[in-house]
Amino acid sequence: MTDLLEVSHQYDREAGRAVSMRKADRLRRMRDSLRYMVGNRDGADPMTLRLHLGLRLDVTTQWCRRHGYHASIGANGLTFQRDGEPPQVASLGDILRWDGRRIVVGRGA
């Protein structure tokens with residue numbers, strides 16, 4: 001079991017079974033820490049970013065900002081725009097790709 005996300009799920013299950021509130025809080029903090037690491041790993045690739053439910057919101061906005069875009073999250077998904085360009089919207093499952101000049105949205109399945 002080497003995947004950090006799976007380990008975080010295991011901590012979550014253990015926290016649900018913990019008798020002591022202190023132990024449950026400690027397990028949930030560890031779970032949150034692991035999920036934070038997973039989010040950082042998702043945003044580490046400067047060329048692609050896949051949007052999924054486990055992705056932290058700040059990772060998406062930072063990734064877009066890295067390429068000169070302003071981004072916000074709303075009911076319609078991730079909206080991002082660069083000066084002088086029309087806004088683009090990406091949804092869960094989509095893949096954002098940096099082609100060297102701009103961000104291109106690859107539609108997910």
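The values are calculated or read from the model by the stated rules, or taken from the named source; none is laboratory data. Being a predicted model, the structure only gives us computed values, none of them experimental. With ideal geometry, Cβ positions are generated from the backbone for all residues, glycine too; neighbour counts draw on all protein chains shown. The area values use the complete protein model at the heavy-atom level, side chains included, leaving out ligands, DNA and RNA. Shrake-Rupley method; radii C 1.70, N 1.55, O 1.52, S 1.80 Å.
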Asp42: net charge of surrounding residues, Cβ under 12 Å, Lys/Arg +1, Asp/Glu -1, itself excluded? +2
Averaged per residue, the 1.4 Å probe accessible area of the chain, protein heavy atoms only, in Å², is roughly 66 Å²
Residue among Met37, Gly106, Leu55 farthest towards the positive dipole end of the chain, charges placed on Cβ: Met37
Across the alpha-carbon set of region 65-109, Rg over Rh with Rh taken as the Kirkwood radius works out to 0.94
Rounded to a whole number, what % of the accessible area of region 51-100 do carbon and sulfur atoms account for, probe 1.4 Å? 54 percent
Can you give me the angle between helix 4-17 and the longest principal axis of the chain, using Cα atoms only, in degrees from 0 to 90, rounded to the nearest 10? 40 degrees
Extent of the chain along each principal axis, from alpha carbon coordinates, in Å, largest to smallest? 56, 27, 26
Under a point-charge model restricted to the Cβ atoms of Lys and Arg (+1) and Asp and Glu (-1), what is the dipole moment magnitude of the chain relative to its Cα centre, in debye to the nearest 20? 320 debye
By the Kirkwood definition, with r running over pairs of different Cα atoms, region 24-64 has a hydrodynamic radius in Å of 10.9 Å
Please report the Cα spread of region 1-50 along all three principal axes, rounded to whole Å, starting with the longest. 45, 19, 14
C-alpha long axis of helix 57-66 to longest principal axis of the chain, angle in °: 40 degrees
Could you state the angle between the C-alpha long axis of helix 21-42 and the longest principal axis of the C-alpha atoms of the chain, as a value from 0 to 90 degrees rounded to the nearest 10? 30 degrees
